[in-house]
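Single-structure report; data block below.
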């Protein structure tokens, strides 16, 4: 009688076991290793690098909006290159852009992140649902990555201490530690 009551209340031990097995199988398909995180980090760094190289020269930000008692404008003029606005413009929308990427397996069994130009025209051998799952993964990974390192990255950008060619190393090795430095590696 007691076993029947527990089944009615949804506490059937078999159903709990099956649910656990199903969830374990689903999670196995999306388990990412250190190499996958490193590769994703490098891809995100590449997108930031593209943003840095596509920046247009900007005027200084004039923050002199108030007038003093003599009618002179008060406040300061901020160089755009060291402003918070520059950091926001570089990083804003970055993780949404990462939804245009998916993981592609090469003939060498190596996996790389590639930009998808048209989701409706994926190659026939590509599973669209799986490709979309990867794009969601890299987008959410991007959000977690920025949450971890945004303050340090913003300071580097504002100080001008971040050269585009060093971005991948700084972001993925120094700040986030998703990639391991090798003695032979001069560049990521």
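It is to be established whether one or more residues within the stretch 127-144 are over 18 Å from residue 47 (Cα atoms), in contact with a helix residue (DSSP H, G or I) (Cβ under 6 Å, 6 or more places away or on another chain) and surrounded by 14 or more Cβ atoms within 10 Å (Cβ to Cβ). Checked against the condition, which is being over 18 Å from residue 47 (Cα atoms), in contact with a helix residue (DSSP H, G or I) (Cβ under 6 Å, 6 or more places away or on another chain) and surrounded by 14 or more Cβ atoms within 10 Å (Cβ to Cβ), the stretch 127-144 yields no hits at all. Would you say residue 33 is under 30 Å from residue 134 (Cβ atoms), at pLDDT 70 or above and under 20 Å from the mean Cα position of the chain (by Cα)? Against the criterion (under 30 Å from residue 134 (Cβ atoms), at pLDDT 70 or above and under 20 Å from the mean Cα position of the chain (by Cα)), residue 33 does not qualify.
Screening 179, 172 for residues that are surrounded by 13 or more Cβ atoms within 10 Å (Cβ to Cβ), touching a helix residue (DSSP H, G or I) at 6+ places or on another chain (Cβ under 6 Å) and part of a helix (DSSP H, G or I) leaves exactly one candidate, 172. Residues that are modelled with pLDDT of 70 or more, closer than 22 Å to residue 159 by Cβ and exposed (fewer than 11 other Cβ atoms within 10 Å of the Cβ) within the stretch 45-87 comprise 53, 54, 56, 76, listed in sequence order.
The values are calculated or read from the model by the stated rules, or taken from the named source; none is laboratory data. Model, not experiment: these values are computed from the prediction. Quick reminder, even Gly has a Cβ in these numbers, built from the backbone with ideal geometry, and neighbours come from all protein chains shown.
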